[in-house]
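Chemist: Before anything else, here's the structure in question.
The values are calculated or read from the model by the stated rules, or taken from the named source; none is laboratory data. Here the structure is a predicted model, which is why all the values come from computation and not from measurement. Every residue, glycine among them, receives a Cβ derived from its backbone with ideal geometry; neighbour counts consider all protein chains shown.
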């Protein structure tokens with residue numbers, strides 16, 4: 001069996017799955033249950049200054065459901081901890097004492113005031129917490145007060161606050177980034193410049209879930225009025241993966257340890273994050289939707305996967321897919337794929353035909369010799385993968401690369417030489433061959 | 001002398017009321033919203049959907065299911081009822097397993113099609129419960145059309161004609177409209193007086209007058225109708241029952257299945273209906289299954305169906321055959337009655353084994369066994385009553401029509417079970433009536 005033992009910034013945990021800073025890590029009661037269930041670590045619900053903030057006493061969460069009521073996306077307007085700092089510190093101290101093999105990281109959110117950081121950071125470190133995670137990500141509520149995403153959206157603020165924390169702390173400092181920016185790399189660079197030992201991402205995305213179709217107000221509301229929340233859950237994973245990969249492959253931020261967050265629900269999601277450059281992962285929504293027991297599938301599935309791949313540790317998987325991520329301009333324009341429909345698997349629903357016909361390249365038949373039959377017309381197929389995406393049968397339609405012969409669509413011979421946009425004749429900015 | 005344990009016995013009240021109520025409750029209970037959303041999610045929204053092609057009325061099935069998914073139930077019902085105004089009854093009685101659900105592409109890799117029938121009911125039930133108006137009449141044309149028969153074909157034709165602006169008078173030989181929906185369908189398939197609620201909904205569009213207890217031939221002639229109206233539609237069904245054609249078939253206790261089914265449907269208290277202890281049903285269609293299962297559910301102890309061919313040849317679908325079997329009805333295949341007699345209240349039926357000859361024709365062998373029962377139901381099909389059809393061309397005992405359901409007689413159209421190609425299906429009759437109405441409208445506006 002592959003060893004799932006994880007070491008992130010020197011912090012050891014029995015597996016790479018930490019609970020993200022959020023309601024599941026709000027207090028000792030929850031954290032004890034999480035550790036009993038087998039979670040590798042927790043990032044404690046974000047600590048702030050006293051007096052503690054207050055939360056609304058109405059809906060804090062809402063969900064995007066499938067028709068089976070499966071939660072696909074999740075929205076929250078909860079703020080940081082609403083308990084006194086001392087209560088949290090006492091509990092963290094006790095938890096770290098009771099669970100010495102687990103990672104316990106303290107998430108913090110403080111105003112842009114150096115004196116406050118210098119006062120509170122040592123108090124937190126005194127609990128024995130393994131590291132700090134700086135919450136520069138929450139997009140709702142706290143951002144209106146100049147904290148959370150309001151810091152994370154300004155690289156200079158990120159760097160400044162990171163420096164203050166690093167000066168006051170002896171344990172590692174992780175900076176948690178907000179995805180509510182146009183480019184994730186400058187915030188990551190700012191964290192690095194401020195001395196951050198790692199970044200974690202993503203925090204939640206600004207969101208309004210829907211309107212109430214009866215009242216025509218936004219939904220949900222607190223007594224008739226609502227505010228945007230932070231979006232998370234399965235639906236945000238692709239956004240998170242891109243941001244993780246961007247940091248992992250950027251020449252300046254490459255090598256900066258990443259804790260991956262965003263929609264991780266089963267072990268395959270964890271594989272995505274790890275292969276794209278995260279060294280461990282954090283989970284919140286899946287636990288809030290299913291409870292702590294999902295850790296069994298996460299650890300078991302990852303372990304089985306590593307065995308199948310002949311890998312002995314998580315570290316061997318980290319970053320494996322990063323070299324496959326590049327800019328569009330470097331994609332091989334000489335490569336040609338065509339869709340192929342396996343007629344034995346085809347159920348003749350015709351979805352591939354109608355989407356290709358209506359919205360793509362008119363490259364799939366609906367009738368052949370008077371029979372209902374769906375076949376790819378190579379003369380028209382551009383290899384766009386739309387049919388593969390909409391086909392309800394797994395593996396019924398596959399993209400087959402052409403290695404020789406003539407592309408029936410272009411009439412050109414298949415070339416094994418790679419050629420990309422940077423040298424393409426249509427590119428006015430092309431480089432000389 | 002004590003009564004022997006096994007003796008002739010036909011009586012009411014074999015079961016108590018609670019058992020009867022339970023036995024005649026909804027065969028397929030409606031879906032809840034949660035169930036409907038999950039069932040709807042299984043629809044692949046096929047292009048040129050095979051289920052729609054398989055539906056005799058051509059309902060846009062993926063379209064109405066998509067609207068269920070988006071909670072647009074009224075729109076979903078309109079999509080259904082636009083093509084099939086009896087979409088509510090069809091959702092209950094259509095043999096979906098040989099129509100839309102049989103065509104579902106889900107069959108390729110799994111054995112469970114989308115629950116189209118139940119979803120159709122989910123979409124349409126609220127319309128009838130709330131009497132939601134979905135259709136408007138076009139501007140009045142001033143034309144009048146007589147519709148003979150108040151069954152699915154006649155009502156469908158009348159509704160479409162009314163929508164198109166014409167005024168319609170329906171001549172109905174029964175005391176209630178609805179035809180076989182009211183008199184001919186097993187009670188557990190259409191509970192809560194649904195057939196009449198559906199008729200009320202259809203008539204609520206306006207412009208349709210129903211004259212009950214008026215029979216073609218006896219009370220009104222086709223010639224009179226042609227004189228008084230701009231067009232006539234015949235949706236008269238098959239009013240007579242085929243004979244067994246054997247000796248003893250006329251004895252008391254050898255009854256028409258459809259009469260018994262009708263009596264059951266009309267009974268205010270099903271417990272008052274006499275039911276035999278031992279029942280033999282002759283036939284292999286839906287009617288045979290309906291009378292057999294209902295007899296069993298009324299408390300008959302032993303119910304047998306004798307059918308002269310095998311399971312594949314039965315008019316009853318596989319689902320119906322299984323329904324009989326799970327209701328403890330035994331189906332005897334390749335058996336046909338050759339003689340019936342009665343003594344001391346017990347009916348003896350001589351059943352002969354049949355087989356297919358080398359020429360493919362059915363032959364009756366002399367392998368005969370005699371069965372003792374208390375009642376025999378004939379369910380071997382119905383035939384046209386041709387009283388009053390002078391001038392209308394017939395073929396094989398059915399009315400000849402063209403693709404637009406026009407008969408050979410001018411300004412007379414016909415549809416439903418009474419025409420050549422009639423399929424003994426509510427859904428087909430509805431389609432005939434609809435197509436005929438559109439043809440009548442075209443004819444009236446051009447003529």
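Chemist: Can you name the number of the only condition in (1) under 12 Å from the mean Cα position of the chain (by Cα); (2) surrounded by fewer than 19 Cβ atoms within 10 Å (Cβ to Cβ) that residue A:243 fails?
Modeler: That leaves (2) as the condition not met.
Chemist: Moving on. For region B:182-210, enumerate the residues that are in a strand (DSSP E or B) and surrounded by fewer than 15 Cβ atoms within 10 Å (Cβ to Cβ).
Modeler: Listed by number, the list holds a single entry, B:209.
Chemist: With the requirement that a residue be surrounded by fewer than 23 Cβ atoms within 10 Å (Cβ to Cβ) and out of contact with any strand residue (DSSP E or B) (no Cβ under 8 Å at 6 or more places or on another chain), what does region B:156-181 give you?
Modeler: B:163, B:164, B:165, B:174, B:175, B:176
Chemist: Restricting attention to region A:378-433, and to residues there that are under 34 Å from the mean Cα position of the chain (by Cα) and assigned to a strand (DSSP E or B), which single residue is surrounded by the fewest Cβ atoms within 10 Å (Cβ to Cβ)?
Modeler: Top of the filtered list is A:401.
Chemist: Which of the residues belonging to region A:253-267 are without any contact (Cβ under 8 Å) to a residue 60 or more places away in the chain, out of contact with any helix residue (DSSP H, G or I) (no Cβ under 6 Å at 6 or more places or on another chain) and within 14 Å of residue A:238 (Cα to Cα)?
Modeler: Residues satisfying the conditions do not exist here.
Chemist: Just for region B:60-78: of the residues that are away from chain A (no Cβ under 13 Å) and surrounded by 24 or more Cβ atoms within 10 Å (Cβ to Cβ), which one is farthest from residue A:354 (Cα to Cα)?
Modeler: Top of the filtered list is B:77.
Chemist: Residues that are more than 25 Å from the chain's Cα centre (by Cα), assigned to a helix (DSSP H, G or I) and touching a residue at least 60 places away in the same chain (Cβ under 8 Å): does region A:120-131 have at least one?
Modeler: Yes, because at least one residue in region A:120-131 is more than 25 Å from the chain's Cα centre (by Cα), assigned to a helix (DSSP H, G or I) and touching a residue at least 60 places away in the same chain (Cβ under 8 Å).
Chemist: Related question: Could you check how many residues of region A:275-285 are surrounded by 24 or more Cβ atoms within 10 Å (Cβ to Cβ) and in a helix (DSSP H, G or I)?
Modeler: Of the residues in region A:275-285, 1 are surrounded by 24 or more Cβ atoms within 10 Å (Cβ to Cβ) and in a helix (DSSP H, G or I).
Chemist: In addition: Looking at residue A:342, is it loosely packed, with under 13 Cβ neighbours inside 10 Å, under 22 Å from residue B:106 (Cα atoms) and either within 14 Å of chain B (Cβ to nearest Cβ) or touching a helix residue (DSSP H, G or I) at 6+ places or on another chain (Cβ under 7 Å) (or both)?
Modeler: yes
Chemist: Additional query: Restricting to region B:96-112, name every residue that is touching a helix residue (DSSP H, G or I) at 6+ places or on another chain (Cβ under 7 Å) and either surrounded by fewer than 14 Cβ atoms within 10 Å (Cβ to Cβ) or touching a residue at least 40 places away in the same chain (Cβ under 8 Å) (or both).
Modeler: First, pick out the residues of region B:96-112 that are touching a helix residue (DSSP H, G or I) at 6+ places or on another chain (Cβ under 7 Å): B:96-97, B:99-105, B:112.
Within region B:96-112, B:97, B:99, B:100, B:101, B:102, B:103, B:104, B:105, B:112 qualify.
Chemist: Here's something else I'd like to know. Based on what the data block shows, is residue B:368 touching a strand residue (DSSP E or B) at 6+ places or on another chain (Cβ under 6 Å), assigned by TED's automatic domain parsing to the domain that holds residue B:303, surrounded by fewer than 17 Cβ atoms within 10 Å (Cβ to Cβ) and touching a residue at least 12 places away in the same chain (Cβ under 8 Å)? Quick ask: steps written out before the conclusion?
Modeler: Numbers: touching a strand residue (DSSP E or B) at 6+ places or on another chain (Cβ under 6 Å): yes; assigned by TED's automatic domain parsing to the domain that holds residue B:303: yes; surrounded by fewer than 17 Cβ atoms within 10 Å (Cβ to Cβ): yes; touching a residue at least 12 places away in the same chain (Cβ under 8 Å): yes.
When the stated conditions are applied, residue B:368 passes them.
Chemist: Consider region A:55-104. How many of its residues are within 14 Å of another protein chain (Cβ to nearest Cβ) and either assigned to a strand (DSSP E or B) or crowded, with 20+ Cβ neighbours inside 10 Å (or both)? Can you show your working first?
Modeler: Just the residues of region A:55-104 that are within 14 Å of another protein chain (Cβ to nearest Cβ), to begin with: A:65-70, A:72.
Subset that is either assigned to a strand (DSSP E or B) or crowded, with 20+ Cβ neighbours inside 10 Å (or both): A:65, A:72.
Qualifying residue count, region A:55-104: 2.
Chemist: Which number in (1) at pLDDT 95 or above; (2) farther than 26 Å from residue B:251 by Cβ; (3) crowded, with 21+ Cβ neighbours inside 10 Å marks the one condition that residue B:291 misses?
Modeler: Unmet for residue B:291, out of (1) at pLDDT 95 or above; (2) farther than 26 Å from residue B:251 by Cβ; (3) crowded, with 21+ Cβ neighbours inside 10 Å: (2).
Chemist: Report yes if some residue within region B:168-176 is out of contact with any helix residue (DSSP H, G or I) (no Cβ under 6 Å at 6 or more places or on another chain) and part of a strand (DSSP E or B); otherwise report no. Steps first, answer last, please.
Modeler: Applying the first criterion (out of contact with any helix residue (DSSP H, G or I) (no Cβ under 6 Å at 6 or more places or on another chain)) to region B:168-176 yields B:169, B:171-175.
Subsequent filtering for residues that are part of a strand (DSSP E or B) retains B:169, B:171.
Yes, region B:168-176 contains at least one residue that is out of contact with any helix residue (DSSP H, G or I) (no Cβ under 6 Å at 6 or more places or on another chain) and part of a strand (DSSP E or B).
Chemist: So which of B:39, B:54 ends up being within 14 Å of chain A (Cβ to nearest Cβ), in contact (Cβ under 8 Å) with a residue 60 or more places away in the chain and touching a helix residue (DSSP H, G or I) at 6+ places or on another chain (Cβ under 9 Å)?
Modeler: Result of the check over B:39, B:54: B:39.
Chemist: Going through region B:371-411 one residue at a time, which ones are more than 22 Å from residue B:216 (Cα to Cα) and in contact with a strand residue (DSSP E or B) (Cβ under 9 Å, 6 or more places away or on another chain)?
Modeler: Of everything in region B:371-411, those that are more than 22 Å from residue B:216 (Cα to Cα) and in contact with a strand residue (DSSP E or B) (Cβ under 9 Å, 6 or more places away or on another chain) turn out to be B:371, B:372, B:373, B:374, B:375, B:376, B:377, B:378, B:379, B:380, B:404.
Chemist: Quick check: anything in region A:211-230 crowded, with 23+ Cβ neighbours inside 10 Å and not in a loop (DSSP other than H, G, I, E, B)?
Modeler: The answer is yes, given that some residue of region A:211-230 is crowded, with 23+ Cβ neighbours inside 10 Å and not in a loop (DSSP other than H, G, I, E, B).
Chemist: Please specify each residue of region A:345-373 satisfying the condition of being more than 9 Å from every other protein chain (Cβ to nearest Cβ) and in contact with a helix residue (DSSP H, G or I) (Cβ under 8 Å, 6 or more places away or on another chain).
Modeler: A:356, A:359, A:360, A:362, A:363, A:364, A:365, listed by residue number.
Chemist: Count, please, the residues in region A:349-373 that happen to be within 20 Å of residue B:42 (Cβ to Cβ) and in a loop (DSSP other than H, G, I, E, B). Give the steps one after another, and end with the answer.
Modeler: Filtering region A:349-373 for residues within 20 Å of residue B:42 (Cβ to Cβ) gives A:349-352, A:354-355.
Narrowing the set further to residues that are in a loop (DSSP other than H, G, I, E, B) leaves A:349-350.
Count: 2.
Chemist: Can you pull out the residues in region A:249-274 that are crowded, with 24+ Cβ neighbours inside 10 Å and more than 10 Å from the chain's Cα centre (by Cα)?
Modeler: A:258, A:274
Chemist: Please enumerate the residues belonging to region A:1-26 that are surrounded by 18 or more Cβ atoms within 10 Å (Cβ to Cβ), in contact (Cβ under 8 Å) with a residue 60 or more places away in the chain and more than 21 Å from the chain's Cα centre (by Cα).
Modeler: A:2, A:11, A:14
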